[in-house]
Amino acid sequence: MHRLRTTVVRLWPLTAVQMAQSLSKPVPLAVKQGLRTSQPARHLNTPLASEPFLNGTSSNYVEEMYYTWLENPKSVHKSWDVFFRNASAGAPPGAAYQGPPHLSRTSERLSSAQALVGTQPSVEKLVEDHLAVHSLIRAYQVNCNHTENVLSLIIIKLLSLLVRLCQENCIYGLAESDLDKVFRLPTTTFIGGNESALPLREIIYRLERAYCQHIGVEFMFINDMEQCQWIRQKFETPGVMQCTLEEKRTLLARMIQSTRFEEFLQRKWSSEKRFGLEGCESLIPALKTIIDKSSQSGVESVIMGMPHRGRLNVLANVIRKELEQIFCQFDSKLEAADEGSGDVKYHLGMYHRRMNRVSDKYMTLSLVANPSHLEAVDPVVQGKTKAEQFYCGDTEGKRVMSILLHGDAAFAGQGIVYETFHLSDLPSYTTHGTIHVVVNNQIGFTTDPRVARSSPYPTDVARVVNAPIFHVNADNPEAVMYVCKVAAEWRNTFHKDVVVDLVCYRRNGHNEIDEPMFTQPLMYKRIKKQKGVLQKFVEKLIDEGVVTTQEYEEEVASYDKICEEAYTRSKDEKILHIKHWLDSPWPGFFTLEGQPRSMTCPSTGISEQALSHIGNIAASVPVQDFAIHGGALTRILKGRANMVSQRLCDWALGEYMAFGSLLKEGIHVRLSGQDVERGTFSHRHHVLHDQNTDKRMCIPMNYISPDQAPYTVCNSSLSEYAVLGFELGFAMASPNALVLWEAQFGDFHNTAQCIIDQFISSGQAKWVRQNGIVLLLPHGMEGMGPEHSSARPERFLQMCNDDPDVFPKLSEDFAMHQLYDCNWIVVNCSTPANYFHVLRRQILLPFRKPLIVLTPKSLLRHPEVKSSFDDMLPGTHFRRLIPDNGHTATNPEKVKRLIFCTGKIYYELTRERKNRGMDEAIAVVRIEQLSPFPFDLVKEEADHYPNADLVWCQEEHKNHGYYDYVKPRISTTIGHTRPIW
């Protein structure tokens, strides 16, 4: 604990009760109800008197004085010490104050000790009453975050504090007789409006109106006074939540669309699963309100991610997807092989640009496709949002924003939610605030919250990033609309995350054909008796005279007609167009038919001048007066300079050449992952740190050319799942960027397996999406234990879509067609030049495929692993297979054994071959591209050595690595005529 004379700095968030308990001191009842503030204690040596309160001094003064006394009783004036000791001992109100003898000697003492004693009870009561009222206000602000849910299914309603006050009598040191007394309001509340003092009865009434109706607010944990005051003003100011007549009519129209859409689907396809919105129809006006308000604030693009519940409704009524495109997805004749049916209709996404009628501005809305793996889409949306902000120069998130929808059980249960939240304020990952909307069904599939989570609310995970949480009863559309307005304003003002918790119910089971009575019979008996949200809202508006019954019926009939007409059009067999289901189209990259503009790839080599220039940049510090590490780093840069002078490059320099040349050509390069700036194995050093100045850094890669594209290299949080998902989303936004994620060790991708399985390996088949993301996975069985050795190449190879039993038809452009037809590319390069080429090929290809690179560890500094500039000049390409170019190539008939291998084991094999003097008897061939498998080149090598036994060699165990993948393909290549060891 550190103390200045007038300021207390707390290093941990203890409550007054906890602090007192730690000192074995009981807490006075009035103070016990008080809550901490961030306002510093003032005038610690001021005697206890009535003057501060008569002058309107805030109760924060007394509260801070009490906390300060708990920490050190000698730090406050002795009168305060006596007062707090008596109060802690249980002295009743009015009896805790005792004037110390020296008080009468101060210049401000009363005329006589008798006069002072005579006023003690009233002064003390005044102090305690003000403190009690201020503590009462604060208790509402902190504790009243339950919503008044008319269902009372599982959420426990908060009892009115006014009732508590009467029933429990003096809970704050106040009696019922105090209800008509006038109290000065603290500066930390806005319930008074223009009034600075109110009767206690009115104070409680206004607090009840602000915090105990259909909205509950959690924000007092935020450690920023400005933000807390902003939220208080939005919810406490009298009359602030009133809707205008026009807003109510708009809200009704949106509720009709939301409700009637679900009813239409239920009538037409009663036996189909659609995961409808029944019970939370107010979600649609909620999202539209957020989008309207954001558009008015200047937002031009909104990227959304959501689970399956309500997805079709959001597509129809928020994104404004053509209804016939949705309805034709219910066609029973639609087969899995049909275009656009790669996954169920409630998983698919969409991209649409339309006019926003409220702001009269065009907006782009994108709903990202995602699987049933709940919350997996969260980081993908964030990455896509970050990319769009980056490409349009939106450094503050004012033009592009994200909205994430969640289910309550998944929001609390899925760890990816926590991982994604922790990216929210990181410089290279922040999207400058996300609006999270939780559809709180108060139940998971069949699991209620009592056994589904340990926290009071499903939204408690958001507290870790100081995101305010607004709970709102989804049966009150007006309250929902107001909360969503505030959420959009918060995001636009502070550019931080915010959570809207729509407390609702699920009228059907998990889906429309599920029976919820099996597991929640009492809950669903009450739900069946519940009036629909639209019905209750319409009745309210008719009573208020906002609309007539006729107007309501006409609006319903109008929307029903729209649905019926779309249903008729959906029967046209030609209506299904896959372009309508793309969430990230790349205009100009493909032809109008969605095909590559060519099926050729130019040479991936570059000029010697470019190689030398980039190499010299990699060996330099292009910033003046920059002190680099004088030991190893100086040697590394000097070593790079020597290699450039010798026209050679190692692995790190080859990567530098690839990145630098792409940047020079205007291609953005983004590399992220754990410790990628330096490199896990201290080989990369793309970010240099000044040894004398904190936070002063230099990225030489950004000094290659004045008109180059920017290079982004960023160490990530210690997360794989969220960060890989983020980078995947970033790569979605544009085909003209090289986006790479590097695992610290190869098998660390284990915890990101969901992203690999659901988005990367199956991306094109499942989502009709191409993606060029690159995964760099350090791999090598080098005695570092199982967790640091294998990148599990067998897992990636098992998910490759090429047929091992069919030898393909060879043609001049066979290699290109292989790449176009594959689901991803898996390589294990053995030379820096080939690594250089495969990275450049990733961009120069006329289409995009994910690239899995099994990168080396020991080869990073292996003396033989260097490439000549000659292997990287114009006219050179990536080599899918590298033949043996030794004695065996000129005397193939003498070769007794042909060894196929990949990666670093090649160098061990050739070393052993040399040691045994078997250079002419054994040929060693490297398969650099494992998938798609180079059938044509393997056949050439097998035919070249007709007398040789065929052997596959790998360092991994036989049931790991590549063996099970390559064996059937080599057998197919040679026609099963020669055995393979």
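Assorted remarks:
- Applying 0.36 nm per residue to the separation of residue 687 and residue 526 and subtracting their alpha-carbon distance, the gain on full extension is 51.8 nm.
- Kirkwood radius for the range 874-981, taken over all pairs of different Cα atoms as the inverse mean of 1/r, rounds to 14.2 Å.
- In angstrom, the C-alpha Rg and Dmax of the range 466-622 are 28.1, 81.
- Legend: calculated FRET efficiency, residue 697 to residue 353, from the Cβ-Cβ distance at R0 = 35 Å, rounded to 0.05, equals 0.35.
- Dipole of the range 740-869, positive direction: furthest Cα of 799, 839, 764, with charges on the beta-carbon: 839
- Extension reserve of the residue 813-residue 717 stretch, reckoned as 0.36 nm per residue once the Cα distance is removed: 30.3 nm
- Shape call, the range 444-517: gyration tensor on alpha carbons, a/c limit 1.5: oblate
- Computed from point charges on the beta carbon alone (+1 for Lys and Arg, -1 for Asp and Glu), the dipole magnitude for the range 836-955 about its Cα centre is near 540 Debye.
- For the set 398/485; 293/384; 866/967; 398/695; 766/849, the pairs lying more than 24 angstrom apart at their alpha carbons are 866/967; 398/695.
- Projecting label points 7 angstrom from Cα along Cα→Cβ for residue 454 and residue 978 puts them 6.1 nm apart.
- Sequence-distant aspartates and glutamates (8 or more away, or on other chains) whose Cα lies within less than 16 Å of residue 561: 262, 263, 322, 324, 551, 553
- A prolate overall shape is assigned to the range 181-299, the ratio a/c of its alpha-carbon gyration tensor axes (a ≥ b ≥ c) being 1.5 or greater and a/b exceeding b/c.
- When peptides 555-564, 722-731, 301-310 are ranked by their average number of other Cβ atoms within 10 Å per residue, the highest-first order is 722-731, 301-310, 555-564.
- Put a plus charge on the Cβ of each Lys and Arg, a minus charge on the Cβ of each Asp and Glu, and nothing anywhere else: the dipole of the range 836-893 about its Cα centre is then about 500 debye.
- Ranked by how many other beta carbons lie within 10 Å on average, peptides 355-368, 961-974 from highest: 961-974, 355-368
- Seen through its C-alpha gyration tensor, with square-root eigenvalues sorted a ≥ b ≥ c, the range 649-787 comes out oblate because a/c lies at 1.5 or above while a/b is not bigger than b/c.
- When the Cα atoms of the range 701-760 are aligned to their principal axes, the ranges along those axes come out at 40, 23, 16 Å in descending order.
- The order of the peptides 462-471, 785-794 by mean Cβ neighbours within 10 Å, most packed first, is 462-471, 785-794.
- Charges were assigned to the Cβ only: +1 to each Lys and Arg, -1 to each Asp and Glu. The resulting dipole of the range 375-514 about its Cα centre is roughly 180 debye.
- The aspartates and glutamates within cross-link reach of residue 74, meaning a Cα-to-Cα straight distance under 18 Å and a gap of 8 or more places when in the same chain, are 63, 64.
- With Cα atoms defining each centre, the range 177-201 and the range 500-572 are spaced 42 Å apart in the structure.
- Aspartates and glutamates with Cα under 13 Å of residue 958, excluding same-chain neighbours fewer than 8 positions away: 794
Any read-out appearing in this document is the output of simple, stated calculations on the displayed coordinates, not a laboratory observation. Values in this document were obtained by computation on a predicted structure and should not be read as measured data. Glycine gets a Cβ as well: all are built from the backbone with ideal geometry, and neighbour counts include every protein chain shown.
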